[in-house]
Amino acid sequence: MFTWNNIETPDFASTCWCRPKSYQLSGLNDAWSPQKRLVSPLRDFLRSSPIRQQETNNRAETRMSHFFQNSDVRLFRFALILASILVAMHFQSQTAKSQQFSQAAVWSTSYTEAADEAYNRDLPILLFFTGSDWCPWSRKLTTEVFETDDFAAWSTDRMILVRVEFPKHKTLPAHLATQNNSLLERYRAHVGGLPTVLFLTPNGTVVGKLGYQKGGAIAWTHSAQKFVGKQDKVASRLHGQPSPDDATRRATFQIATR
């Protein structure tokens, strides 16, 4: 009679697929069992076969290629997100700077109003003769100095800024063109070309002049600081004199206003 207890040979036990679980657990879990000694070399042989190794290598290469492809995609997405954040931060900072400049460095085009404010606040006047739409040096001076945060911080509450335009490709209002031509005639001895920056006392006395120079706003304001000191000395001598009325100032500076 056939019984499971009669099956004791390693060959039959290793090739039989219908043996009970109790036999599998009791035989194969024993490290020193004959079945374990027979199955292990066969399993090792199959694992070490060239075909199996090639399949294993192919699977490993496939996993690595998928990993690097996914890594490239993730890296590209991360770089794109980082670039977007940096661009947004750059535009936000530029907007903040432009708003800060527009609020700090305020330029006037009316000399009469600027002179009144300068006298009332006891501040000097910076008179900027420029041709902004045709003169390259006027543009460079404006871009490198007057449109910077350094100049805005230096000039705020230190002087009154007046822009005197002489355009070629646009037309100024009649009263503004008349005023600018009158100022040019008044200070022709000091204005040899454009751009020219004159430093005046509140009463219109010239104490110094500058043009374009290399080095940006820091170098330019360093050169201008010595004229601001002269303006303070001259203004201190003039302090206490009565403020001229509008008619006297217009006659003094030959500014026709109608």
Exactly one of (1) free of Cβ contacts under 8 Å to residues at least 24 places away in the same chain; (2) under 20 Å from K214 (Cα atoms) is unmet by L172. Its number?
(2)
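Here are some residues: F101, F146. Which one is closer than 25 Å to L176 by Cα, modelled with pLDDT under 90 and surrounded by 11 or more Cβ atoms within 10 Å (Cβ to Cβ)? Spell out the reasoning first.
Details: F146 fails: modelled with pLDDT under 90.
After ruling out the rest, the residue left standing is F101.
Test of understanding: among D72, D133, which residue is modelled with pLDDT of 75 or more, surrounded by 10 or more Cβ atoms within 10 Å (Cβ to Cβ), out of contact with any strand residue (DSSP E or B) (no Cβ under 8 Å at 6 or more places or on another chain) and acidic (D, E)? Show your work before the answer.
Values: D72 fails: modelled with pLDDT of 75 or more.
Answer to the check: D133.
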For segment 199-216, state whether one or more residues are over 35 Å from the mean Cα position of the chain (by Cα), aliphatic (A, V, I, L, M) and exposed (fewer than 12 other Cβ atoms within 10 Å of the Cβ).
no
Note on segment 141-169: residues among the aliphatic types (A, V, I, L, M) and in contact with a Lys or Arg (Cβ under 8 Å, 6 or more places away or on another chain) are I160
In the set V145, V197, V164, the lone residue that is under 17 Å from A217 (Cβ atoms) and in contact with a strand residue (DSSP E or B) (Cβ under 6 Å, 6 or more places away or on another chain) is V197
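The values are calculated or read from the model by the stated rules, or taken from the named source; none is laboratory data. Everything quoted here is computed from the prediction, not taken from an experiment. Reconstructed Cβ throughout: ideal geometry from the backbone, glycine too, with neighbour counts over all protein chains shown.
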